[in-house]
Amino acid sequence: MLQLVFAVLLLGFAFKAIRIYGPKSGDEEEDAIVKKAAETFVQFSSVTMHGSLWVIQKAMFLIPFVIFGLVATSIAESGLGLIGSLSLFMVTFISMLLIYVTGVYGTILTVINRSFIGFLKSRKELVIKAFTTSSSSAVMGVSIATARQNGIDEETANIAIPMGATVNMDGTAMYQIFVAMFLMVISGVDGTDVVSMLPVIVVIVLASMGTPGAPGASLFILMPILASMGIDTNLVLLILAVDRVLDMSRTVVNVMGDQVMAEVAYWWFHRRAGDDGAYTLGS
């Protein structure tokens, strides 16, 4: 299954390249046919994805009852220690997000001569909206407007923010890796060392780039990878019991990452143009 996921990812990148650059076989007529076929395939895949998400969203209405039954059964079999494990899971992951935002984003902003505190203050409204909606796609318009209000030009904001909302899924990738390792531990699956986890981490990071910016989507993207690791995918329902709060938290990290990406892009291109890249806000 892991090989299949990786092959599908490569196929997706290939079709993306064909759509943008064309197959370049030397035969213009054949190239046009192949490019048209690639467009059709991508459209079909998009419709299939949205149809699948619709089914999942409808099925989500039954999830609370399923979670209640599964958690009750697990507590009856394992004791109250399960609640402690899930609580520790939440606290550890949120702490990891805070460390990541402060350490990574703070360092990047410092390198481009931006104030991390100023950055946070100028994005306060965006962070609140991202936290409450749990969807980077839902706040994309607000995110673009916020970037422009902080001195980033329209062209950079219109490119960096949508691109970031599609491929820059820092919080999602960390969450999926964290969930995989947590479920490996509680299910007794071997191979949680760094060397054994490296191929899985690479696939998860690549898969996170195509994760839809919708609430709860990341866990369903992760399930085929978990199955390839020999983990019972029913255990994901345990994570769903606490997923909402964690989803809100990682969405904030994803959206903040998009803003940092826009800041870096603006700084880079203006620096190359000889501009000092001074901002009106967030600096």
Check: the stretch 89-220 dipole with +1 on Lys, Arg Cβ and -1 on Asp, Glu Cβ, in debye: 420
Where labels lie 7 Å past Cα in the beta-carbon direction, separation of residue 228 and residue 30 in nm: 3.2
Protection proxy ranking of 134-146, 117-129 - average other beta-carbon atoms within 10 Å, highest first: 134-146, 117-129
Calculated FRET value between residue 190 and residue 62, using beta carbons and R₀ = 35 Å, to 0.05: 0.55
Computed E for residue 125/residue 99 - FRET, C-beta separation, R0 25 angstrom, nearest 0.05: 0.55
Reachable lysines, given that their alpha-carbon falls under 23 Å from the alpha-carbon of residue 35 and they are not under 8 places away in the same chain: 16, 24
Order by protection proxy (mean Cβ within 10 Å, highest first), peptides 95-105, 248-258: 248-258, 95-105
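Since every read-out is calculated from the coordinates, none of them should be taken as a lab result. None of these values were measured; they are calculated from a predicted model. Neighbour counts run over all protein chains shown; Cβ positions are idealised from the backbone, glycine included.
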